[in-house]
Amino acid sequence: MSGSGAAVEATVIQVSLSNSELVQRVEASFEAMNNVDCSEEKKKSLRARYLYGIIFLITNLTAWFIRDYGHTIFPPLYYKKACGVRGSDCFQTLGVLRVSLGCFIFFLLMFLTTFSTRKLYEACSKWHSGWWALKFFLLVVSMVVPFFLPPGFIQIYGEVARIGAGIFLLLQLVSVIEFIRWWNKYWASDEQSKQSCTIALFTSTVFYVASICEIVSMYYFYAPRPSCSLNIFFITWTAILLIVMMAMSLHSKVNRGLLSSGIMAAYVVFLCWSAIRSEPADEKCNVQKPKNGHGDWTTILGFLIAIGAIVMATFSTGIDSKSFQFRKDEVKAEDDIRYNYGFFHIIFSLGATYFAMLFISWNLENSASEWSMDVGWTSTWVKIINEWFAASIYSK
């Protein structure tokens, strides 16, 4: 009996061991399958970013086409109660605002349906990364509906779009400054090799030399005579900001190094140049000449580059949610989303208000000329204030 009991006990132990091994193998297989699923979902979410960027680009091109050519291509297709007898309320300035509103609605709906997403396997994550046929239908409806709204409502949206564009500029500015700080920390940290420090010093020198050359060229091209007092003020104040940022970076209590201040100086100088370029073409201190409503190849190329810059600025800010997190050292799990979907979509919705302001030059009354973007005194002052704000944020 004792021998048979021992045999039974050994059999039970062997069976339990076999069961535990089987459980472990099943768990391992499930874990492997989950890893594969997470990896596939991760790739889908990363690819989805570029598809949303393409949608945003197409929307920008649609707004431009409606503004410049809509009144000649689509005269019999408009809804008279919303667009007026001649359709003028659905083209040019109000046409841009209607397209912008459609884009804003689409990305706002995407924000409302994805902002709570945290894991790749959640239904909202799959909605963000897939269901493109349904989202295409949603996009078409969002773009069509604003063309049936009365002009008064579109004017109200235009005022809201000004605020949204200002918020977008602020968020974009924070993202740029965080990138500059990261770049400075990466290349100029104490742990980096002597070669990296040399690269950082060389890069900062290049940025400062380029900034100084740009300031000199702005004096030459945009302030050729003493009567150009406003341009002289803009350029001189930018040069002062450059010197102040460099001095603060080298101060012993700050000690940021020249790299971050050099990059920021180049960015500030670029904003000043862009602001002066936005002055009306008939200004005596602006080297741009009126084009009589028609653009040459340089104007068209500059316009297309500007559209690309809008899309890239919106895209880069949208995927940079880490710059706006309070805890930046948080470790992500394997099944966590790679970027914040809600933040991504709300940035694109604000980007819709921003491109509307650029296409109409922040002016809700007068239509911009053909192939133009962000031209006028309002655009100039928006960029100048953005420049000063950027320098003050960096200095703090």
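List, in order, the whole-Hz ³J(HN,Hα) value for each residue of the range 340-352 obtained from phi through the Karplus relation with A = 6.51, B = -1.76, C = 1.60 and θ = phi - 60°; use x for Gly and Pro.
7, 5, x, 4, 4, 6, 5, 5, 5, 5, 5, x, 5
Heavy atoms of the protein only, probe of 1.4 Å, neighbouring chains included. What is the accessible area of Arg338 in Å², nearest 10?
80 Å²
What number comes out for the charge environment of Leu364, summing +1 per Lys or Arg and -1 per Asp or Glu over other residues with Cβ under 15 Å away?
Taking every Cβ under 15 Å from that of Leu364, the sum is -1.
HN-Hα J couplings of the range 55-61 from phi, Karplus 6.51/-1.76/1.60, θ = phi - 60°, integer Hz, Gly and Pro as x?
Computed from phi, the couplings for the range 55-61 are 4, 5, 4, 4, 5, 4, 5 Hz.
Quickly rank 101-108, 130-137, 168-175 as a protection proxy: mean count of other C-beta atoms within 10 Å, highest first.
Descending packing order for the listed peptides: 101-108, 168-175, 130-137.
Show log10 I(q)/I(0) for the range 101-170 at q = 0.15, 0.17 Å⁻¹, two decimals, from a solvent-free Debye sum over equal Cα scatterers.
-0.64, -0.77
Between Lys81 and Ile156, what FRET efficiency follows from the Cβ-Cβ distance if R0 is 25 Å, with the result rounded to 0.05? It would help to have the intermediate numbers written out before the result.
Numbers: r = 17 Å, r/R0 = 0.69.
Taking R0 as 25 Å, the efficiency between Lys81 and Ile156 is 0.90.
Which cross-chain or sequence-distant (5 or more) residues have an amide H under 5 Å from the amide H of Arg338, H modelled 1.01 Å from N in plane?
Residues meeting the amide H criterion: none.
The values are calculated or read from the model by the stated rules, or taken from the named source; none is laboratory data. Values in this document were obtained by computation on a predicted structure and should not be read as measured data. When we count neighbours, we look across all protein chains shown, and the Cβ atoms used for this are built from the backbone with ideal geometry, even at glycine. The protein model used for the area step is the full one, side chains on, heavy atoms only, and it has no ligands, DNA or RNA in it. Shrake-Rupley method; radii C 1.70, N 1.55, O 1.52, S 1.80 Å.
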